[in-house]
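Peer 1: One structure coming up, written as structure tokens, with questions to follow.
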Amino acid sequence: MAKLNVNGKIRDVQVEPDTPLLWAIREQVGLTGTKYGCGVAQCGACSVHVNGELVRSCVVPVGGVKPTDKIVTIEGLSSTSSHPVQKAWAALDVPQCGYCQSGQIMAAAALLRKKPKPTDQEIDDAMSNVCRCGTYQRIRAAVHVAAGRKQA
Amino acid sequence: MNQNLSRRSFIVGTAVAGGGLALGVRLPFGTPAEAKTAGDGVEVHAWVVVKPDDTCVIRIARSEMGQGTRTGLAQLVAEELECDWKKVATESITPGENLARKRVWGEMSTGGSRGIRTSHDYVRRGGAAARLMLLQAAADEWKVPVGEVSVASGVITHAASGRKTTYGKVAAAAAKLTPPDPKSITLKDPKDWKIAGKPMKRLDTADKLNGSKVYALDVRLPGMLNAAIKACPVFGGKLVSYDETRIAGRPGVRGVVKVNDSTVAVVADTWWRAKSALEALPIVWDEGAGASQSSATIASHLEEGLTVSEAYAFRNEGDAIGAIQGASKKIEAVYSTPFLAHATMEPMNCTVKLSADRAECWVATQNSEASLAALSEQSGVPLEKCEVYRHDLGGGFGRRGGNQDYVRQAVNIAKQFPGVPVKMIWSREEDMAHDFYRPISQCKLAAGLDDKGSLVGLHMRISGQSINAFVNPAMVANGKDDRQLQGYTARPGDAQLGYTVPNLLIEYAMRNTHVPVGPWRGVNTNQNAVYMECFIEEAARAAGTDSLEFRRALMGQHPKHLAVLNAAAAKGRWGTPLPAGVHRGIAQFMGYGSYSAAVAEVSVSGEGKVKVHRMVLALDCGHAVNPDQIAAQVEGSVAYGLTAAFYGECKVENGRMTDLNFDRYQMLRLAEMPKVETVIVPTFDFWGGVGEPTISVVTPAVLNAIFAATGKPVRSLPLKNLKLV
């Protein structure tokens, strides 16, 4: 039994402490926007924010998360898809299959919080999530749009 | 994966695909009697539902896996329907519904870049037929000749009387009319298109931005159990035993299932508990004969095929061997390309619920009718009592087509839990260990140049594995497998070689392995474009001729190939100066009915590190239904192609795959993505594919640029294995 603060709500989850946060979010909390891709923190499909920091939730055990830690998933990024990153993603039609995009959006939102006007180099360094459809060119452009550097 | 199972799946899938014939002549747009309930909307005919608020719901039969087909098909229907694009929605029909209505929606399989090019005609006729029915209903209501009414954006007008109505108001009356004979319909000239041919926004973006889209992996059903699965890591190996007692009492575990003769699954209340228990389960395998195989043994098996006397002569024009022997300059090379995994971001998964007289499955599939057939055959429940709820795919790339191995496995697991839905999810490691890989091959090439540097003879011998031989050996009697020679055909239309060589010999020596193979985005055009286009580059350099000019000289009889090559060269500013250290490479190829060419700008550092700065890709796909989504596919093909070129390689040791996750099987990341410029040069006289064609030219253009940079040809992949300087 653990308590998780997910998108501002306290949730009781019945899991073994070594259960990855990803699977507690998906299977106990019931929020499936956070995806499983690799389980070894390589692809970033499971990216969430914990206390504002970008975290690959597939390698974070629930036992290491405190009830006071604020977890934000894609469902909690905004209530109406109105976060600047979501709006930029829509404006540029970034997603193809869309499976990795929750993680991409969470990574971009975390980047912009730290660096509101990132350079291409800073985007290169921060955006390391895998997209098999190959939407990278539009992700880069959409991060600039979200930062207000470019018009959509 | 059991090969016999996959073969049976193919046969059953084919039987379903032919079901329309077996069940009688289908009516082109269905009948009101069989109309599907459509909420508060009215089914005008099988393809179009109109709601009271004038929303037009367009039914979609093909699978959406990111390639944009859902939006493109809707554009084609809406164009003829003359509805308001802002009020268009789509709905995926199920294979069970299609079967019940005598396949009124036609083929559902989505592969080979066929989603639009093989259904554009009947979906447009569907849109037009609905328009004619809606106009007739308005004319009947107003008691005027239908010729006096017109429509724009779903608003019907009788100009003479000034009356207006909308699709939503006349839909119920329209649905009672008999649809017109599709042959009587005149489709619009594409020059007059207002919705099709335009860069419309995708219709399926919103729920991909907030986590609300439900992929098959996200399915949650009341009482659902979860299964984790492991097949013998050696292809062809068998399951001998497992010690269930060692995981007894673990939390949430409900059982261990022998899935088939090579596979075991653990079922638990959650997937994480199932997977953890599976990892703790002692399993004994009989690894079988395959365990002696490795990348090295497979390479020598293929190498033998390069020179053996028996081979299938796919093209034999003139006397290639004589011409090369008598040429003033002769060049030779051997190329090779490895097995590759699809690595869809969403791992294989399938949810199945079985009861006494009903079988249901929730799945991401490129061929939902093959899924239905697999569900029925494996469960023993008749087809008409089966249903497949298809979810948009988290990546397909050819992996989720005809085989349907995951459906069969999930059915076998669910059999042990009657009435309970069971979701089976493969771990990434399982996904990488049991793919149907891009086939491995090698190619030996020889060319002769005359004293003017003209190509007088070309001899290619491909030795490698056959996809068709794995799917259905009867298709490739005596090793004559044209599919493995994709891109080299003489006949126009689908995958024609764009060069005319006076003396040409192209041969194939089939060399199969114990590794399962299948179609992988672009299929054999990938390897075959590398062999042809990199060796043509070697010939051009041996001739001392510019790479573009050398190709042009061979392309006089192939104006469409040439036009696309020229378009890429122009946009890529071929022949103009580049920054110091940056070099260009060029390539062209044809596949899936479309013509592609690329120019790559590449630098190679003193340490041999390759950077691709910019790529220009030109494509003639005949008609361009959505230019922005075509550009998206081109951009994606660059990422998928470069991942393969830089990193892609499934190594085999002791009969099994060794690199089972993204830490060892690397993926291209955003930082390595070049700037991609797409040049669409549609000629409006054919319908070609989009999802696959351009990937074939990505790697050869980059390899030819590396050749320009280093002075050495690149003849094997991936680049990570090579010392370039």
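Peer 1: Take the residues in the range A:1-25 that are over 15 Å from A:VAL72 (Cα atoms) and among the aliphatic types (A, V, I, L, M), then tell me which one is surrounded by the fewest Cβ atoms within 10 Å (Cβ to Cβ). Spell out how you get there, then give the answer.
Peer 2: Taking the range A:1-25 first, the residues over 15 Å from A:VAL72 (Cα atoms) are A:1-2, A:12-20.
Checking which are among the aliphatic types (A, V, I, L, M) leaves us with A:1-2, A:13, A:15.
On the way: A:MET1: 8, A:ALA2: 20, A:VAL13: 19, A:VAL15: 23.
So the residue we want is A:MET1.
Peer 1: Oh, and also: Cβ contacts < 8 Å: first residue facing chain B (nearest Cβ under 9 Å) and closer than 21 Å to A:ASN7 by Cβ, restricted to the range A:103-132; second residue among the small types (Gly, Ala, Ser) and assigned to a helix (DSSP H, G or I), any location; separation 6+ or different chain. Result?
Peer 2: Partner pairs satisfying both residue conditions: A:ASN129/A:GLY103; A:ASN129/A:ALA107.
Peer 1: Search the range B:238-285 for residues being outside any strand (DSSP E or B) and touching a residue at least 60 places away in the same chain (Cβ under 8 Å), and hand back the single one that is farthest from the other protein chains (Cβ to nearest Cβ). Break it down into steps so the answer makes sense when it comes.
Peer 2: Going through the range B:238-285, the residues outside any strand (DSSP E or B) turn out to be B:243-252, B:261-262, B:269-282.
Of the ones still in play, those that are also touching a residue at least 60 places away in the same chain (Cβ under 8 Å) are B:261-262, B:271, B:275.
Numbers: B:ASP261: 27, B:SER262: 23, B:TRP271: 7, B:LYS275: 9 Å.
The extreme case among them is B:ASP261.
Peer 1: A further question on this structure: From (1) under 22 Å from B:ARG664 (Cβ atoms); (2) within 11 Å of another protein chain (Cβ to nearest Cβ), pick out the condition that doesn't hold for A:VAL59.
Peer 2: (2)
Peer 1: So, in the range B:570-592, exactly how many residues are outside any loop (DSSP other than H, G, I, E, B) and closer than 13 Å to B:SER547 by Cα? It would help to see each step written out before you state the result.
Peer 2: Pass one, the range B:570-592, residues outside any loop (DSSP other than H, G, I, E, B): B:570-571, B:582-591.
This time we only want the ones that are closer than 13 Å to B:SER547 by Cα, so: B:583-588.
Here the count works out to 6.
Peer 1: For the range B:414-435, which residues satisfy the criterion of being surrounded by 24 or more Cβ atoms within 10 Å (Cβ to Cβ) and touching a Lys or Arg at 6+ places or on another chain (Cβ under 7 Å)?
Peer 2: B:ALA414, B:ASP435
Peer 1: State all residues of the range B:647-699 that are part of a loop (DSSP other than H, G, I, E, B), acidic (Asp, Glu) and either closer than 22 Å to B:GLY66 by Cβ or within 14 Å of chain A (Cβ to nearest Cβ) (or both); if no residue qualifies, say none.
Peer 2: Scanning the range B:647-699 gives B:ASP659, B:ASP663, B:GLU692.
Peer 1: Report those helices (runs of 4 or more DSSP H) wholly inside the range B:290-402 carrying at least 2 residues which are buried (at least 18 other Cβ atoms within 10 Å of the Cβ), in the same structural domain as B:GLY691 (by TED's automatic domain parsing) and more than 22 Å from the chain's Cα centre (by Cα).
Peer 2: Working: elements: B:295-307, B:320-325, B:368-379.
In the range B:290-402, the matching helices (runs of 4 or more DSSP H) lie at B:320-325.
Every residue, every condition in (1) surrounded by 18 or more Cβ atoms within 10 Å (Cβ to Cβ); (2) β-branched (Val, Ile, Thr); (3) in a helix (DSSP H, G or I), yes or no:
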position: B:ALA137; (1), (2), (3): yes, no, yes
position: B:ILE156; (1), (2), (3): yes, yes, no
position: B:SER161; (1), (2), (3): no, no, no
position: B:VAL170; (1), (2), (3): yes, yes, yes
position: B:THR178; (1), (2), (3): no, yes, no
position: B:THR186; (1), (2), (3): no, yes, no
position: B:LYS191; (1), (2), (3): no, no, yes
position: B:ILE195; (1), (2), (3): yes, yes, no
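Peer 1: Right, another one. I need the full set of residues from the range B:83-94 which are surrounded by fewer than 24 Cβ atoms within 10 Å (Cβ to Cβ) and not hydroxyl-bearing (Ser, Thr, Tyr), in order please.
Peer 2: Of all residues in the range B:83-94, those surrounded by fewer than 24 Cβ atoms within 10 Å (Cβ to Cβ) come to B:84-94.
Answer for the range B:83-94, where residues must be surrounded by fewer than 24 Cβ atoms within 10 Å (Cβ to Cβ) and not hydroxyl-bearing (Ser, Thr, Tyr): B:ASP84, B:TRP85, B:LYS86, B:LYS87, B:VAL88, B:ALA89, B:GLU91, B:ILE93.
The rows are residues; the columns are (1) in contact (Cβ under 8 Å) with a residue 40 or more places away in the chain; (2) touching a Gly at 6+ places or on another chain (Cβ under 7 Å); (3) closer than 24 Å to B:VAL634 by Cα; (4) not assigned by TED's automatic domain parsing to the domain that holds B:ALA490.
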site	(1), (2), (3), (4)
B:GLN557	yes, no, no, no
B:ALA563	yes, no, yes, no
B:GLY593	yes, yes, yes, no
B:ALA597	yes, no, yes, no
B:SER603	yes, yes, yes, no
B:GLY608	yes, no, no, no
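Peer 1: While we're on this one: Please work out which residue is nearest to the other protein chains (Cβ to nearest Cβ), limiting yourself to the range B:204-237 and to residues that are small (Gly, Ala, Ser) and part of a strand (DSSP E or B). Full working, then the answer.
Peer 2: Step one: list which residues in the range B:204-237 are small (Gly, Ala, Ser), which gives B:206, B:211-212, B:216, B:223, B:227-228, B:231, B:236-237.
Narrowing the set further to residues that are part of a strand (DSSP E or B) leaves B:227-228, B:231.
Values: B:ALA227: 13, B:ALA228: 11, B:ALA231: 18 Å.
Per the stated criteria, the residue is B:ALA228.
Peer 1: Out of (1) over 14 Å from the mean Cα position of the chain (by Cα); (2) surrounded by 24 or more Cβ atoms within 10 Å (Cβ to Cβ), the odd one out for A:PRO116 is which?
Peer 2: (2)
The values are calculated or read from the model by the stated rules, or taken from the named source; none is laboratory data. Small disclaimer: the values here were computed from a predicted structure and weren't measured. Reconstructed Cβ throughout: ideal geometry from the backbone, glycine too, with neighbour counts over all protein chains shown.
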